[in-house]
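Structure first, commentary second.
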Amino acid sequence: MSSSYMSWRSSASNRRPTQPTNTSKNRGTIYPDLNQDPNPKPVIHFLAFALIIFLGLLQFLPASHFRHPSDPHRNWVPFNSHSSPSPTVKLTVDEDDGLIHIVSWMQCLDLKVLAVLANSTLSSSRYPDLLHFHFFIPQGDKDKVSFYKLKVLFPHSNLELHGQEKVKEIIKRASSEAEYDSLNLEEIAPFIIPSVHQSLTKFIYVSPNLILMGRIEELTGIDLSAHAAAAAEDCSNRLNSYVSSDVLDAIQRSASKPWISVTPYVKDACMPDLSLLLINGKKLEEFLEAVLWWSKVLNWSDRSDKRNPAIGLALYNRYLKLSNSWLVKEPASVDTIETSMITHYDGPKIVCSEFGNDTIPGSSHGNLWIKYLPLMSNQILGI
């Protein structure tokens with residue numbers, strides 16, 4: 001018994017692991033965190049400090065972009081964009097439905113011209129989803145074929161067709177046949193539309209024969225609380241080229257009407273450009289009466305060869321002057337196209353005549369309209 005016990009003790013002691021004797025050699029691998037970290041170079045400290053100062057100074061720079069709360073897409077918009085310099089311009093929309101209403105009146109239906117107008121306006125706008133087009137055409141909403149063609153070209157756009165008869169009827173009831181014939185319906189209709197369509201109290205009127213390259217929504221923020229309309233001044237047409245200052249002075253002395261200016265008329269005053277208007281329907285009381293009165297006093301029904309200045313006289317001191325950048329220009333050169341907000345349509349178009357609608361010969365056409373012609377127009381409109 002004793003010998004076996006001693007042999008077990010001896011074998012157990014022989015199997016016991018020996019402890020390492022040199023602990024200093026393995027200390028680095030067992031306790032790696034006890035090593036001293038390397039010191040960074042002084043230039044690193046300097047660069048880090050300079051970066052912090054630079055980021056801090058950036059906070060004092062003026063903002064370059066903004067996101068307007070009325071934009072459903074919350075897009076970033078640069079402050080220094082190509083826009084009208086008027087300080088009163090800001091984006092606002094119709095307080096009832098949140099849309100920007102654009103109205104156009106076309107005597108002879110030409111879908112090609114309307115398509116270019118709509119496409120140029122949509123492609124130039126930051127907020128195409130907020131634009132609502134109202135096209136007043138001879139057949140109105142009864143012309144289903146024209147409506148469907150436009151909807152194929154602009155499937156996601158807000159678009160309506162309206163008839164012209166109610167507007168024409170109001171003008172005919174208030175005027176004689178000669179006075180009615182002396183008026184340009186495309187010029188007078190925008191001022192009558194609010195009395196027919198009560199929902200259109202504030203809208204932008206655009207002549208159909210235009211190509212828009214500026215952002216149309218910039219016009220909607222203009223304060224029209226004290227004016228019936230806003231328009232750019234056309235100094236190529238002046239008041240004294242239509243009526244003499246002596247006649248205007250005599251009318252001021254002899255007549256007492258609320259639409260006659262209390263101050264002397266400026267004989268060489270620029271006439272308003274009626275191709276693009278911002279209309280305030282709440283300030284158009286007696287406007288048609290004023291236009292017809294001026295037309296009658298000046299006997300303009302007997303001078304159909306010249307443009308009737310009655311609308312310009314009725315608007316005298318009653319309209320807000322837009323920036324000159326919104327004056328319609330001719331697309332005569334590349335420089336004009338690049339700097340203009342709006343130009344005349346330079347493509348083929350249909351004109352009214354006693355014997356039916358005719359197309360202007362192709363020799364007078366330009367090329368700008370092709371840029372804004374929607375895709376599939378040839379197939380849909382049969383161009």
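The values are calculated or read from the model by the stated rules, or taken from the named source; none is laboratory data. Bear in mind the structure is a predicted one, so any value in this text is a computation, not a measurement. For neighbour counting, all protein chains shown are included, and Cβ atoms are generated from backbone atoms with ideal geometry for every residue, glycine included. Areas reflect the complete protein model, heavy atoms only, side chains present, ligands, DNA and RNA absent. Shrake-Rupley method; radii C 1.70, N 1.55, O 1.52, S 1.80 Å.
Things worth noting here:
- Residues that are of a type in the set (Ser, Thr, Tyr), under 30 Å from GLU286 (Cβ atoms) and open to solvent by less than 30 Å² (accessible area, probe 1.4 Å) occur in region 162-175; there is at least one.
- Being open to solvent by 30 Å² or more (accessible area, probe 1.4 Å) and in contact (Cβ under 8 Å) with a residue 12 or more places away in the chain is a property that does not hold for GLU217.
- Count of region 172-189 residues which are modelled with pLDDT under 90 and of a type in the set (A, V, I, L, M, F, W, C): 2
- Each residue in region 297-318 was checked for being open to solvent by 20 Å² or more (accessible area, probe 1.4 Å) and either modelled with pLDDT of 90 or more or under 13 Å from TRP259 (Cβ atoms) (or both), and 4 of them qualify.
- Qualifying residue in region 276-290 (condition: more than 30 Å from ARG173 (Cβ to Cβ) and more than 17 Å from the chain's Cα centre (by Cα)): no
- Taken over region 150-170, the residue count meeting the criterion of being in contact (Cβ under 8 Å) with a residue 60 or more places away in the chain and closer than 17 Å to HIS132 by Cα is 3.
- Within region 124-133, not a single residue is at pLDDT below 85, open to solvent by 20 Å² or more (accessible area, probe 1.4 Å) and charged (D, E, K, R).
- Selection status of ILE211, buried (at least 22 other Cβ atoms within 10 Å of the Cβ), under 20 Å from GLU179 (Cβ atoms) and touching a helix residue (DSSP H, G or I) at 6+ places or on another chain (Cβ under 9 Å): no
- Tally, over region 256-297, of residues that are in contact with a strand residue (DSSP E or B) (Cβ under 7 Å, 6 or more places away or on another chain) and among the hydroxyl-bearing types (Ser, Thr, Tyr): 1
- Filtered residue count, region 179-201, keeping only those that are open to solvent by 20 Å² or more (accessible area, probe 1.4 Å) and touching a strand residue (DSSP E or B) at 6+ places or on another chain (Cβ under 6 Å): 1
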